[in-house]
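Remarks on the structure that follows.
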Amino acid sequence: MSAPLVPAEPSPFPVPLDSTALVIIDMQRDFLLPGGFGETLGNDVDQLAAVVPPLVTLLSAARAAGMTVIHTREGHVPDLSDCPPAKLRRGKPSIRIGDDGPLGRILVRGEYGHDIVDELAPLPGETVLDKPGKGAFYGTDLAGILDRAGITRLIVTGVTTEVCVHTTVREANDRGYDCLVVSDCVGSYFPEFQRIGLEMIKAQGGIFGWVADSAAVRAALPAAPAAVAPGETPLPISASA
Ligand code: C5J
């Protein structure tokens, strides 16, 4: 059977369910909520709120279709030994990585702010990948996880478009994965970076990926089979009430 096709730019993107994963990048309180890492850098975290509702819907469609789901979280071990000094020193944040903030220590694993927002909480059995860098391949076993699951195609979502989403998609592209970035399920603190970030991916014939919106991806995914109680006969599709 041929794979479902998402009408994407610059060309249709096949999504064979057994070799495609939904990757959700860094939908953490530290980036989305007041008091977290994103806000310490001077960003308006409200800019990312619009990503949550379409991503909740897409996640539920992917789960219903039986697709592999991988969540990532950017952050560091409590002694910060995996945080390069250059990253620690970078910028002029109000408080730095590892300092105490209203959501716990900033960008530190195990803290409240480091975890994924409630709306997108991982289900048991879904991979949650902790990464020290912007890209999901650097310092992680993502390549091994994908390889063992037979995954070669990624549907990429999350925040932020021009930082961790771009870095991950570029890393994936260099490793031979085909990546579709979902335009309304990625977000940036900067509207112009959001627009240009998406343009950059699909320009030049899809120089490092494809772009489509979540409605197009959902329309291509098979719906979950209707649950049938034991002893019940499923209704024919054409049956009307
Ligand atoms: C950033 C990320 N922006 N997840 N991280 O520092 O994009």
Notebook entry, point to check: Which members of region 142-151 meet the condition of being under 27 Å from Phe31 (Cα atoms) and either within 16 Å of the ligand (Cβ to nearest atom) or among the acidic types (Asp, Glu) (or both)?
Noted result: Leu142
Item checked: region 152-165 residues that are free of Cβ contacts under 8 Å to residues at least 60 places away in the same chain and within 12 Å of the ligand (Cβ to nearest atom), paired with ones that are of a type in the set (Lys, Arg) and outside any helix (DSSP H, G or I) (beta carbon under 7 Å, 6 or more apart) -> Val163/Lys134
Notebook entry, point to check: Taking region 22-35 as the region of interest, how many residues are under 14 Å from Gly101 (Cβ atoms) and either at pLDDT below 95 or away from the ligand (no atom under 11 Å from the Cβ) (or both)?
Noted result: 4
Next item on the list: Run Lys92 past the list (1) of a type in the set (Lys, Arg); (2) within 24 Å of Gln194 (Cα to Cα); (3) crowded, with 20+ Cβ neighbours inside 10 Å and report the number of the one that doesn't hold.
Entry: (3)
Margin query: Suppose we filter region 185-199 for residues that are surrounded by fewer than 19 Cβ atoms within 10 Å (Cβ to Cβ) and more than 13 Å from the ligand (Cβ to nearest atom); how many remain?
Written below: 5
Next item on the list: Find the residue count for region 115-141, including only residues that are of a type in the set (A, V, I, L, M), more than 19 Å from Cys83 (Cα to Cα) and buried (at least 16 other Cβ atoms within 10 Å of the Cβ).
Entry: 3
Check: Of all residues in region 58-93 being more than 14 Å from the ligand (Cβ to nearest atom) and polar (S, T, N, Q), which is farthest from the chain's Cα centre (by Cα)?
Finding: Ser81
Check: Which of the residues that make up region 4-24 are surrounded by 15 or more Cβ atoms within 10 Å (Cβ to Cβ) and in a strand (DSSP E or B)?
Finding: Val6, Glu9, Phe13, Pro14, Thr20, Ala21, Leu22, Val23, Ile24
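The values are calculated or read from the model by the stated rules, or taken from the named source; none is laboratory data. Keep in mind that what you see is a predicted model, and the values were worked out from it rather than measured. Quick reminder, even Gly has a Cβ in these numbers, built from the backbone with ideal geometry, and neighbours come from all protein chains shown.
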